[in-house]
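Right, one structure below, let's go through it.
The values are calculated or read from the model by the stated rules, or taken from the named source; none is laboratory data. What you see is a predicted model, and the numbers here were worked out from it, not measured in a lab. Every residue, glycine as well, gets a Cβ built from its backbone with ideal geometry; the counts of neighbours run over all protein chains shown. Accessible surface areas use protein heavy atoms only, side chains included; no ligands, DNA or RNA. Shrake-Rupley method; radii C 1.70, N 1.55, O 1.52, S 1.80 Å.
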Amino acid sequence: MMEPARRIQKLTSAIFSEMDDLGRELRANGVDTINLSVGSPDLPPAPHIKKALAAALDEPGIYRYALTEGHPDFKQAVADWYRARFGVDLDPTREILSLMGSQDGLAHLYLALVNPGDTVLVPDPGYPIYRAGALLAEGEIYPLPLLAANRFLPDLRAVPAEVARRARVMLLNYPNNPVAATADLAFFREVVEFAREYGIVVVHDLAYSELAYDGYRPPSFLQVPGAKEVGVELHSVSKSYNLAGCRLGFMVGNAAVLDALRVLKSNIDFGVFLAVQKAGIAALTGPQDAVREAAAIYQRRRDILVQGLREAGWEVPLPKASMFVWAPLPWGYQSSREFVAELARRTGVLMVPGVAFGPSGEGYVRIALVGAEERLAEAARRIREWALAFR
Ligand SMILES: Cc1ncc(COP(=O)(O)O)c(C=O)c1O
């Protein structure tokens, strides 16, 4: 019997597979489930992006291997977008690297920067690859708790100096998945100071920069002077342009960090399919109305869901950005796992228990703003009915 390597066993998340099993079991029993557990964009890409992808398929040379670092035209499009969106200047040859989705960069970056036993600072709760990538590189994880009392920002002064001195990398993500919190430039200035003091590489995942509400515009970590000396930022066209399956993202910032990842990746992949990079160029350089329209759609979903849950007596916060609501458990529940299982059985609505993202996520659930407005309203209606049992 083939035994997978020990590192594979470290990666499997029991809670996510439990959730999948529960959903399957309910559907097999004829329950009309409403799945608010996965954060996959469900809107179509803008027509001009699909046209660019289709047109590229007939171009000569398009099926050749691409360059690991990305086509120069794609990197120029990224540089132009960054300047227009954040006022940050990037050198396309040294400070931009294409990725097969930001997941590719997040999964592999530790292998390029971390030696076995090096400390990595990882948000808790956090998007799962931040931990999984560190485990693959045999890094020692030091969790940074994200707590409501601290507006879900890590308390950098609470990291003991001897831990900070050993730390090689720090992961950050604002707008955040799963806690849906945002960070301002004052916080990023603190981060740059801390990283400089201890020689830590900052990795900021900005996947949700364009999914923000009520006129809010999330900043780039690189807007802070000195940020490029200490860190990198990751982006995705998955969320901003509804291209999740195309697998295209990019990492920008510190040239030495990018080069280490480029060397690693040049041994693993041969870059992103050129037609997909062309679609990315169309997305980044073309009209941005679809980005604003998508944000408006998510904002309406947010309002319907939050209002519906509040009417059910569940006081959930209104997020400023991301595609999630991070909600404290209602009606006296203590265990997020127990709550989610009971919720699914009573209502057919599926959410992710906060503890699935790390121990500090206990006491919360993550609700994804996916699906049509009617389905979100229906989910809230079923929860309202169930809530009557607690009156
Ligand atoms: C915070 C965050 N980062 C990165 C990703 C990965 O996105 P992609 O690899 O599609 O760019 C996701 C996807 O859900 C995410 O939520």
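A few comments on the model shown:
- Among residues of segment 258-311, those that are of a type in the set (K, R) and surrounded by fewer than 17 Cβ atoms within 10 Å (Cβ to Cβ), counted: 3
- Any hit, segment 2-13, residues being farther than 28 Å from Y130 by Cβ and away from the ligand (no atom under 16 Å from the Cβ): yes
- Any hit, segment 58-81, residues being within 23 Å of Y208 (Cβ to Cβ), surrounded by 20 or more Cβ atoms within 10 Å (Cβ to Cβ), of a type in the set (K, R) and in the same structural domain as V202 (by TED's automatic domain parsing): yes
- Test: residue in segment 52-69 that is within 16 Å of the ligand (Cβ to nearest atom) and in contact with a Lys or Arg (Cβ under 6 Å, 6 or more places away or on another chain): no
- When A66 is tested against the conditions (1) out of contact with any Pro (no Cβ under 7 Å at 6 or more places or on another chain); (2) under 23 Å from M323 (Cβ atoms), the lone failure is (2).
- Test: residue in segment 341-363 that is surrounded by 14 or more Cβ atoms within 10 Å (Cβ to Cβ), under 26 Å from G215 (Cβ atoms) and among the polar types (S, T, N, Q): no
Here's the yes/no breakdown for (1) over 30 Å from V291 (Cβ atoms); (2) out of contact with any Asp or Glu (no Cβ under 6 Å at 6 or more places or on another chain); (3) in contact (Cβ under 8 Å) with a residue 24 or more places away in the chain:
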| residue | (1), (2), (3) |
| --- | --- |
| R310 | no, yes, no |
| E315 | yes, yes, no |
| L329 | yes, yes, yes |
| P359 | yes, yes, yes |
| I367 | no, yes, yes |
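- With a requirement of 2 or more residues that are away from the ligand (no atom under 11 Å from the Cβ) and at pLDDT 95 or above, the helices (runs of 4 or more DSSP H) lying completely within segment 197-266 that satisfy it span 227-230, 255-266.
- Failed criterion for R337 (all others in (1) open to solvent by 30 Å² or more (accessible area, probe 1.4 Å); (2) closer than 25 Å to G215 by Cβ; (3) outside any loop (DSSP other than H, G, I, E, B); (4) not acidic (D, E) hold): (2)
- Summed over segment 241-257, the residues that are surrounded by fewer than 24 Cβ atoms within 10 Å (Cβ to Cβ) and either touching a His at 6+ places or on another chain (Cβ under 6 Å) or under 24 Å from G39 (Cα atoms) (or both) give a count of 5.
- Among the residues of segment 96-107, some residue qualifies, meaning at least one is of a type in the set (A, V, I, L, M), surrounded by fewer than 21 Cβ atoms within 10 Å (Cβ to Cβ) and within 28 Å of G280 (Cβ to Cβ).
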